[in-house]
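Asks: Quick one: structure below, then a few questions.
Laboratory data are not the source of any read-out in this text; all were calculated from the coordinates shown. Computed from a predicted structure; not experimentally measured. Cβ atoms come from the backbone with ideal geometry, glycine included; neighbour counts cover every protein chain shown.
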Amino acid sequence: MRKKLYAFTLGLALCTMPAMAKDKVTTHQVHFDKGTNGTTVQGSVKGYDTVNYKLGAQKGQYMRVSIESKHANFNIYAPGKGMGDQALFVGEPGIPYTGNLPANGTYTISVYLMRNEARRGTTASYKLHVGID
């Protein structure tokens, strides 16, 4: 009886694995056109997926980030940090980040949906405005 229960439990666990693997992280490099100090990127995010934008910057530079979206939010991570670490800034529509950067390196801006929207399988389009002076 134990072997059957173990086999059933193992089979059930394996059946749930593909659902967990569907969450994906997409990464893009942010580039500014020559002679400019900012850009706007457009995209969409669905469910528990995350879109990361990487941007190189220097300590002390002034960065501004804002998002236009009905449901998408963003976090900013300092160089060497990422999801699972404490964010440098937790943003949402209407609350931009503006400030001097604490370190040299590659910053990550993660666009995602809050859990209640992700659970519903919502797809949210967004415009992410990024600038460095």
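Asks: P(r) tail for the stretch 23-132, what percent of Cα pairs lie past 21 Å?
Replies: It works out to 30 percent of all Cα pairs.
Asks: Cut-off is 10 Å between beta-carbons; in what order do 32, 74 appear when sorted fewest neighbours first?
Replies: 32, 74
Asks: With θ taken as phi - 60° and the coefficients 6.51, -1.76 and 1.60, list the Karplus ³J(HN,Hα) couplings across the stretch 54-70 in order, rounded to whole Hz; mark glycine and proline as x.
Replies: My calculation for the stretch 54-70 gives 9, 8, x, 7, 10, 3, x, 5, 9, 10, 10, 9, 9, 10, 10, 5, 7 Hz in order.
Asks: What is the total of Lys pairs in the stretch 23-132 with C-alpha atoms under 18 Å apart, excluding same-chain pairs fewer than 8 positions apart?
Replies: Close lysine pairs found across the stretch 23-132: 9.
Asks: Going by C-beta contacts inside 10 Å, put 64, 115 in order with the fewest on the left.
Replies: In order of increasing Cβ crowding within 10 Å: 115, 64.
Asks: Check residue 114: other-chain or 5+ apart residues with amide H under 5 Å from its amide H, H built from backbone geometry?
Replies: Correct list: 73.
Asks: Further, regarding this structure: Could you work out how far apart the two model spin labels at residue 32 and residue 90 are, taking each label as a point 7 Å from the Cα in the direction of the beta carbon, and quote it in nm?
Replies: According to this spin-label approximation, the distance is 2.9 nm.
Asks: Karplus couplings for the stretch 73-87 from phi (6.51 cos²θ - 1.76 cosθ + 1.60, θ = phi - 60°), rounded to Hz, Gly and Pro as x?
Replies: Once rounded to whole Hz, the list reads 10, 9, 10, 10, 10, 5, x, x, 10, x, 3, x, 9, 5, 6.
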